[in-house]
Every structure is written in structure tokens, then in C-alpha cells.
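Bear in mind these aren't lab numbers, they're just calculated from the coordinates by the rules spelled out. Please read all numbers here as calculations on a predicted model, not as lab measurements.
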Amino acid sequence: MSTGEIVYQEDVSGVNWKDLAEVYNRAPLGKLDPGKLRRAYSNSDVCCFAFSGEALVGSGRTISDDEAPATVCELVVAPEYQRKGVGSAILRSILRKLAVPRVILACVHGQQDFYRREGFLSHESVMALYANTQWFVDNGNLESGESANIAAAYSD
């Protein structure tokens, strides 16, 4: 599948995991280990990668058991390719391949409108527990307070 100069690939063959780690870093979604990214994407049920020529410019992945709600784990696009339809194309590729009636995700603060445009609605009762709780609190993705302190204790 392709849109304009961007070519989309729905398998992990030939992906340069160091390049993908760099996309995450520049997005900025944090410094991630290329080996961990390879394992995460290789063990995902559905994934999609976006390339501009040889350059990896975005990706997304989900996990699903084909019964319960699927989870969009990650969607990342290099800054220079954001707001050009790449993220939408990756997300739509992933959603077309899922065989479940419900899909959930957690997005970074500021990206809610993107997902709303793609048909997602806010869910008032979703809870989260992260090993790196403070980063998510500091970036406006999680509430602060005693619960955050308790969650942080799990990461030690």
C-alpha cells in the first residue's frame, strides 16, 4: 500500500530497528532500545511501517487475542512527516486488519484531537500503571497525587 511518496509495509521484514528508535526519539516519545522495539513489533498482532524512499518515517502496532478489545500500543511518526496523513494511514492500516469490535489506546497529551478525527472517543474510566510514572505525570498524561506515588514504587 502507498500514498504519494510514502510506502506502507505491514510486516517486520527489513526494518532497521535503530532507525525506528531514532523516530521515537525525535517524535519525541522517548529513547527506546532497538532490540526491545524489534521484540515488541515482532510479537505484535498487527503492525505497519511507513517509508519515504529508504527512510523509515513512522510505525504503529497493536496487540489482540481476537476476542477482547485490541490495544493500539504505539503510533509514531517522524516530526517532518506529521500532519501529512502518515499517522492516519498507519492507523487505518492497523484497524482494517483487526478482527475485534473494540479498540482502545492511550495517547500522549495533545494528540487527542488526532484520534477523535479517526473516530475514537474519550473513555472516562481508563486507568494506567506505568513503570516510568513520573514522565507521564510530568507530560500531562497521568494525574499526579498519591496514586502516582504508589505507581512509581512499582518501578523501583
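Show which lysines lie in cross-link reach of K36 when reach means a straight Cα distance below 17 angstrom and same-chain residues fewer than eight apart are skipped.
K18
After finding the eigenvalues of the alpha carbon gyration tensor for segment 2-122, what semi-axes result from the square roots of 5 times each, listed largest first in whole Å?
Values: eigenvalues 83, 56, 41 Å².
Semi-axes (√(5λ), whole Å): 20, 17, 14.
Give the angle, between 0 and 90 degrees and rounded to the nearest 10, that separates the Cα long axis of helix 17-26 from the longest principal axis of the Cα atoms of the chain.
The helix 17-26 is inclined about 60 degrees to the chain.
Return the tail of the calculated pair distribution for segment 75-117, meaning the percent of Cα-Cα pairs more than 16 Å apart.
39 percent
Return the single residue from E74, E54, E118 with maximal mean-square fluctuation; model: Gaussian network over the chain, springs between Cα atoms under 10 Å.
For the chain, modelled as a Gaussian network with Cα springs under 10 Å, the answer is E54.
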